[in-house]
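The values are calculated or read from the model by the stated rules, or taken from the named source; none is laboratory data. Source: prediction; values computed, not measured. Ideal geometry is used to build each Cβ from the backbone, glycine not excepted, and the neighbour counts take in all protein chains shown. Heavy atoms of the whole protein, side chains included, go into the accessibility calculation; ligands, DNA and RNA do not. Shrake-Rupley method; radii C 1.70, N 1.55, O 1.52, S 1.80 Å.
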Amino acid sequence: MTFDKTILITGGAGFIGSHVVRRFVHQYPNYKIVNLDNLTYAGNLENIKDIELYPNYAFERADITDLEQIYALFEQHKFDGVIHLAAESHVDRSISDPLIFIKTNVLGTATLLDAARRFWKDDYEGKLFYHVSTDEVYGSLGDEGLFLETTPYDPRSPYSASKASSDHLVRAYHHTYKLPVVLSNCSNNYGPYQFPEKLLPLFINNIRNNKALPVYGEGINVRDWLYVEDHAGAIDSIFHKGKLGETYNIGGHNEWRNIDLIKELCRQMDEKLGREAGSSEQLITFVKDRAGHDMRYAIDATKVQEELGWKPSLQFKEGLSKTIDWYLSNQEWLDNVTSGAYQKYYEKQYAVTA
Ligand code: NAD
Ligand code: DAU
């Protein structure tokens, strides 16, 4: 079988990557999609089981920090494009164990960039390196304002600092070697297949099991939430229509204070589980704040909207309802990923409430 292009997607066994892989495999039968992931605790082949037998899909287990291994895969598959999502992604883990974030997010991104540069050897026609990043690189907002693509970087956690470093490396390779790159910085994603260390799946799982809901600090921090399939749609638009060397901010125009979001989640969960109204809210427990907890993130997504015609498709309450339904009907998935090592992480992270 011949294909028009071969695209390497890194981190495709993780949360967002699995949606991107699924979208590309379905939408572009003329592309060969190679999903590269080393299956850390956050990577799970169950997340993409539905597409594993498609003729335009292949999986490679590899570590993005291993240049020899990565370069060999470039030689084997002759990638035309890279969509790079593989990362350590959880802020709390970056606080307790920062060095793996530096290794994976900084060295891993540098390794992929260098493999692409060496393999493409200045012949960049039809080539693209797309780096997927986060709004956290911009730091923390007060009550007013939005992050623009021109907002100066001000990362404040080991996670966001490692992502900021990776963004700088991508731009440096563009500037120095003319590597054709594009970047995007997105707000908080939610939806199916998110590892239940992150707020929404964690709290859905805890409500299901009648466990405490550990709200950091006073619950007044604000996040801008975007349904994961909308993020995958934005990545598709930027990969195909984004201008080389440019950055696009992606967000949901959907800011929620944590406590308000959690109360809405509790309300919907009570309805869906047939519990008395107000019963899930009783599980809310205020716990010690996250160290250096960023107060507010909010994205101005005008550029991607005006230049590339992308905008979020889903209203938040509808997206939240779909998300809860998915977790409730995929309890086996939840039970599988929360067994074993996750229990140890949970006990350590939530020592007070566990
Ligand atoms: P995730 O933690 O769910 O998945 C990360 C994936 O990367 C996993 O499958 C893991 O196995 C893989 N991986 C980790 N280290 C690797 C290595 N050394 N080699 C190969 N694979 C490795 O993450 P996510 O939430 O899906 O985030 C994906 C990307 O999107 C990240 O770059 C993240 O910074 C960015 N992002 C996430 C969000 C969000 O809300 N989750 C928002 C904006 C940007
Ligand atoms: O903004 C994009 C970022 O969003 C991504 O780059 C990260 O990969 C992703 O993890 C996410 O980071 P956050 O730190 O915002 O997400 P998290 O789900 O960990 O937390 C969301 C908010 O909820 C945050 O203010 C902390 C709070 N929280 C989180 C957990 C896990 C709690 O109050 N209690 C918790 O137990």
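Any chance you could look up the accessible area of C186 with a 1.4 Å probe, heavy atoms only, rounded to 10 Å²?
Estimated to the nearest 10 Å², C186 gives 10 Å².
When only C-alpha pairs under 8 Å and at least 6 residues apart count, what is the relative contact order of the chain, in percent?
17 percent
Once you've got the GNM for the chain with C-alpha springs shorter than 10 Å, pick whichever of G17, G126, G191 has the biggest mean-square fluctuation.
G126
For the chain, set up a Gaussian network in which alpha carbons nearer than 10 Å are linked by springs, and say which option among S237, S140, S162 fluctuates the most.
S237
At 7 Å along the Cα-to-beta-carbon direction for both T2 and E75, put a label point, then send me their distance in nm to one decimal.
For T2 paired with E75, the spin-label model returns 2.5 nm.
State whether the stretch 1-76 is rounded, prolate or oblate according to the following rule on the C-alpha gyration tensor (a ≥ b ≥ c being the square roots of its eigenvalues): a/c under 1.5 gives rounded; otherwise a/b larger than b/c gives prolate, and the remaining case gives oblate.
Here the stretch 1-76 falls in the oblate category.
Evaluate the charge dipole of the stretch 1-132 about its Cα centre and quote only its size in Debye, nearest 20, assuming +1 on the Cβ of each Lys and Arg and -1 on the Cβ of each Asp and Glu.
With Lys and Arg at +1 and Asp and Glu at -1, about 240 debye.
Per-residue accessible area for R61 at 1.4 Å probe radius, Å² rounded to 10?
Here the residue's solvent-accessible area equals roughly 150 Å².
Of all the accessible heavy-atom surface of the chain, with the other protein chains kept in place and a 1.4 Å probe, what percent is carbon and sulfur?
49 percent
Among Q69, S321, G17, whose Cα lies farthest out toward the positive end of the dipole of the chain, if unit charges sit on the beta carbon of Lys, Arg (+1) and Asp, Glu (-1)?
Going by the Cα projections, it comes out as Q69.
Would the stretch 93-167 count as rounded, prolate or oblate if I go by the C-alpha gyration tensor, calling it rounded below 1.5 in a/c and otherwise prolate when a/b exceeds b/c, oblate otherwise?
Here the stretch 93-167 falls in the oblate category.
Would you mind checking K163/K288; K32/K303; K288/K348 for any pair whose Cα atoms are more than 21 angstrom apart?
K163/K288; K32/K303
Using a 1.4 angstrom probe on the protein heavy atoms only, line up F101, F15, F286 by accessible area, largest first.
Reading off the accessible areas and sorting them downward yields F286, F15, F101.
Among the DSSP beta bridges whose two residues both lie in the chain, what percent are antiparallel, rounded to the nearest 5?
Among the beta bridges of the chain, antiparallel pairing accounts for roughly 5 percent.
Below 8 Å between Cα atoms, with a sequence gap of 6+, how large is the relative contact order for the stretch 18-113 in percent?
26 percent
Would you tell me the accessible area of D294, worked out with a 1.4 angstrom probe on the heavy atoms of the protein chains, in Å² to the nearest 10?
So the heavy atoms of D294 present about 10 Å² to solvent.
Given the options T302, M269, S279, identify the residue whose Cα lies farthest towards the positive end of the charge dipole of the stretch 259-303 (+1 on Cβ of Lys, Arg; -1 on Cβ of Asp, Glu).
My answer, from the dipole projection, is T302.
Using a 1.4 angstrom probe, figure out how much accessible area the chain has per residue, in square angstrom, rounded to the nearest whole.
I get 43 Å² per residue for this part.
Counting Lys and Arg as +1 and Asp and Glu as -1, each charge on the Cβ, what is the dipole of the chain about the Cα centre in debye, to the nearest 20?
Here the size comes out at about 280 debye.
Any chance you could run the full-extension gain for L67 through K121? It's 0.36 nm times the residue separation minus the Cα-Cα distance, nm to one decimal.
17.8 nm
Run through the stretch 115-165 and list the GluC sites (Glu not before Pro) located in a DSSP loop whose Cβ has at most 13 other Cβ atoms within 10 Å.
Sites meeting the loop and neighbour criteria: E125, E144.
Where is the GNM fluctuation largest for the chain (alpha-carbon springs, 10 angstrom cutoff): K163, K198, K344?
The residue with the greatest mean-square fluctuation here is K344.
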